[in-house]
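Contents: one structure, followed by commentary.
Taken together, the values in this text are just the output of simple stated rules run on the coordinates, not laboratory data. Quick caveat, the model's predicted, so the values are computed rather than measured. No Cβ is skipped: glycine too gets one built from the backbone with ideal geometry, and neighbour counts run over all protein chains shown.
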Amino acid sequence: MDDKLREQLKFCRLPGIVECYDDILREARDNSWNHEQFFSNLVEYEVIMRENNRFNRLFKQAKFPNLKTIEQFNFSEAPFLSKTEVMELFSCKFIDQNTNVLFLGSPGTGKSHLLISIGIEACRQGKTVGFFTAAGLCNQLIEMQEEQQLLKFLKKINKLDLLLIDELGFVELSNQATQLMFQIFSERYEKGSIFLTSNLEFAEWAKVFHDERMTAAIIDRLIHNSKIMLFNGSSHRLLDQQKKTKKAQ
């Protein structure tokens, strides 16, 4: 590639073509491609590079605690789940429909694993995603309120295509945190998807929010237009530990 063409491609913001041009030109000559085949391969490389860059950016912005994939999930240890229903969530249609997803059940049954893996797939499909534990989100909300940055933070949250909230129920929330969480649920009501996991049934949520009226209002907003899945099996972590113990013996 001559310098003039390189600069023109950079000016047009086509870094993928700049990167692959010489290799694809060589392959085109070796395989006697016509002009359309040559151009098509250049464009395909550019598109793939942009998709990868977009995914990396969205993945970084989401702030997942770790990398989880559906391939790592063992459905044989989760007979209480419908694999078909779980895999349907990976289409991410629920995000386009502003549908909430609630995973409720015992700790260690795979709720967080699936939450993260579906969130990663959403990033792959170009969706903006934000991951928080319930306690972590509450702490940030209180901190932003004290620093008079709450409106800015809420605006950022509300722009997300998908808000992931993990581990609701492990920590009891203060009255201030409850009111701030209610504000998020209210502002995203029918406008943006919330994907939430909890180790508690709805009847026990008042223990977390300390206000029965507020709890009822939160549940009402979450379950309207929602998909609820129950995780009522043995802990995956306990099963893994039992397997390791047997092998050691």
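Each residue in HIS224, HIS35 was given a count of other beta-carbon atoms within 10 angstrom of its own, and listing them fewest first yields HIS35, HIS224.
Compute the acute angle (0 to 90°) between the alpha-carbon long axis of helix 15-31 and the principal axis of greatest extent of the alpha-carbon atoms of the chain; round to the nearest 10°. It is inclined by approximately 50 degrees. Over all other residues within a Cβ to Cβ distance under 10 Å of THR133, the charged ones net out to -2, with Lys and Arg as +1 and Asp and Glu as -1. Between the C-alpha center of region 163-192 and that of region 54-110 there is a gap of 19 Å. When the convex hull of its Cα atoms is viewed from all sides, the chain shows a mean projected area of 20.0 nm². Measuring r between the beta carbons of VAL171 and ILE48 and using R0 = 41 Å, the FRET efficiency lands at 0.45.
Helix 236-248 and the longest principal axis of the Cα set of the chain meet at an angle near 80°. If you plug the beta carbon distance of ASN232 and HIS35 into 1/(1 + (r/R0)^6) with R0 = 45 Å, you get a FRET efficiency near 0.15. Using only Cα atoms, find the angle between the long axis of helix 212-223 and the longest principal axis of the chain, and express it within 0 to 90 degrees, rounded to the nearest 10. Roughly 30 degrees between the two axes.
Averaging Cα coordinates gives a centre for region 135-151 and one for region 9-52; these two points are 47 Å apart.
Please say if region 3-61 is rounded, prolate or oblate, where rounded means a/c under 1.5 for a ≥ b ≥ c the square roots of the C-alpha gyration tensor eigenvalues, and otherwise the choice is prolate for a/b larger than b/c and oblate otherwise? Oblate is the answer for region 3-61, as a/c is 1.5 or above yet b/c matches or exceeds a/b. Length gained on full extension, LYS159 to THR69, computed as 0.36 nm times the residue gap minus the Cα-Cα distance: 29.9 nm. Counting charges near ASP2 (Lys, Arg +1; Asp, Glu -1) among other residues having Cβ under 14 Å from its Cβ returns a value of 0. Once Rh for region 1-121 is found with the Kirkwood sum over Cα pairs, what is the Stokes-Einstein diffusion coefficient at 20 °C and 1.002 mPa s, in µm²/s? My calculation gives 118 µm²/s for D.
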